[in-house]
Amino acid sequence: MSTQYSPRHSHDDPALQADILLFQNGDMTALERIYKKFQQSVYSYCARMMGNKSEAKDAVQEVFLRVIDYRTSAPVSHFPAWLFRITRTVCLNLIRKKKDYLEYNDEICTISPYSKEQDFSLKEVLENALLQLPPSLREVVILREYDGYSYQEIAVLLDIDLSLVKVRIHRARLSLRKILEPIAEELRYL
């Protein structure tokens, strides 16, 4: 099982720093070790943002191709944060290309009514609801609720004001509540 790294603890790992320096000088076995350390957390973020395992795998490949392309500019002491920014950029670019999500609108932010014939697990229902959010709201929910980042850490990661992080999380929660309301109502009567 590989260890997951986050931007919070990037400066604490001398082995990672050594691998980054070796990788910057062309050592591909160092890249393998870096990949093993970060692959799962990169995939997890991509899967939640993309909503599709196949697209998430493609995104992970794209992320690590960019890591290879930009290896000489990789910051040794802040590598996880740098990797996150690449991952985020790749996901947002792929989502823009796909353009199969609806722009945020309170009026249309709903899912089809739950029927007893449909057997959704709670996880699937939440993932489907999350995918209905626009990427800017989806990513703050992922970072806050799935990855456990503080509002301040999210602001730093996304390079936005703390107040904007709070607004986006608030809007995302309101939207999710509205999306999930029909299902909650239906479940009350089961």
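All conditions in (1) modelled with pLDDT under 90; (2) not in a loop (DSSP other than H, G, I, E, B) hold for residue 141, with the sole exception of (1).
Scanning the stretch 85-97 for residues that are free of Cβ contacts under 8 Å to residues at least 40 places away in the same chain and either crowded, with 17+ Cβ neighbours inside 10 Å or within 12 Å of the chain's Cα centre (by Cα) (or both) yields 86, 89.
In the stretch 74-84, is there at least one residue being under 18 Å from residue 159 (Cβ atoms), part of a helix (DSSP H, G or I) and free of Cβ contacts under 8 Å to residues at least 40 places away in the same chain? Within the stretch 74-84, one or more residues are under 18 Å from residue 159 (Cβ atoms), part of a helix (DSSP H, G or I) and free of Cβ contacts under 8 Å to residues at least 40 places away in the same chain. Scanning the stretch 43-68 for residues that are basic (Lys, Arg) and more than 15 Å from residue 82 (Cβ to Cβ) yields 48, 53, 57.
Looking across the stretch 46-79 at every residue that is crowded, with 22+ Cβ neighbours inside 10 Å and not aliphatic (A, V, I, L, M), the one that is nearest to the chain's Cα centre (by Cα) is identified as 46.
Out of the stretch 144-160, which residues are hydroxyl-bearing (Ser, Thr, Tyr) and outside any loop (DSSP other than H, G, I, E, B)?
Within the stretch 144-160, 146, 151 qualify.
Just one of (1) at pLDDT 70 or above; (2) more than 23 Å from residue 41 (Cβ to Cβ) fails for residue 147. It is (2).
The values are calculated or read from the model by the stated rules, or taken from the named source; none is laboratory data. Only a predicted model underlies this, so the values are computations on that prediction, with no experimental measurement involved. Note that each Cβ is placed from the backbone with ideal geometry, even for glycine, and that neighbours are counted across all protein chains shown.
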